[in-house]
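Here's the structure we're looking at; comments come further down.
The values are calculated or read from the model by the stated rules, or taken from the named source; none is laboratory data. Here the structure is a predicted model, which is why all the values come from computation and not from measurement. We place every Cβ from the backbone using ideal geometry, glycine too, and count neighbours over all the protein chains shown.
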Amino acid sequence: MFPDERDRERFIVDAIEEALVREDDDGDRMPDAIGGTLHLFTDGGSRGNPGHAAIGCVLIDPNKGVTLAEHAERIGEETNNVAEYRALIKGLQMSRAYQPNRLICHLDSELIVKQLNGEYRVKMHTLQPLFDEIKELTMELPDVVFTHIPREDNWRADALVNKALDEHPIPSYKPKF
């Protein structure tokens, strides 16, 4: 079936690689499982509070020193805190596909981190469903840690938020009534 040993080896390697890779919801190829510890950086922001809002997520494999996935998206008119929660939800959803043994989530919102770690109660009724969704998503992963980082250390996720907001600027015209 194979003309030489190299062709046979190449066939085996290709078959294994194909078995380990699948497509995500956007049609991008991604590994079926990575395992290990992964780092997730998320940020949400709004221009105005509430105002035009966007989210950004960056998933990193620190052992390989590679970015596994990035996501930026406008989410409509929201508050800053809603945007922060929605960014984390999207990041957790992205992370599931890589099946990490441990996921360390880095956020620059001290409020959200303290709420998720049980140090603060969620007082705003609009945030409770988002908080509950995050708790459900974390149940699908073996170990999830939420940690607060300074804003300047979250520059990649922040840049994705600003990129999403800048690509679709707020309309400048005012209707005449």
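For the reader, a short list of remarks on this structure follows.
- The helices (runs of 4 or more DSSP H) found wholly in region 107-173 and carrying at least 3 residues that are under 16 Å from residue 78 (Cα atoms) and of a type outside the set (Ser, Thr, Tyr) occupy 128-139, 155-167.
A quick yes/no check of all residues on (1) assigned to a loop (DSSP other than H, G, I, E, B); (2) at pLDDT 95 or above; (3) of a type in the set (Asp, Glu):
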position	(1), (2), (3)
1	yes, no, no
22	no, no, no
26	yes, no, yes
34	yes, no, no
54	no, yes, no
58	no, yes, no
86	no, yes, no
100	yes, yes, no
103	no, yes, no
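- In the set 96, 121, only one residue is touching an Asp or Glu at 6+ places or on another chain (Cβ under 8 Å) and surrounded by fewer than 16 Cβ atoms within 10 Å (Cβ to Cβ); that residue is 96.
- When we screen 144, 122 for residues that are among the β-branched types (Val, Ile, Thr) and in contact with a strand residue (DSSP E or B) (Cβ under 7 Å, 6 or more places away or on another chain), the only hit is 144.
- Scope region 68-84; condition without any contact (Cβ under 8 Å) to a residue 60 or more places away in the chain and not in a helix (DSSP H, G or I); matching residues: 68, 69, 75, 76, 77, 78, 79
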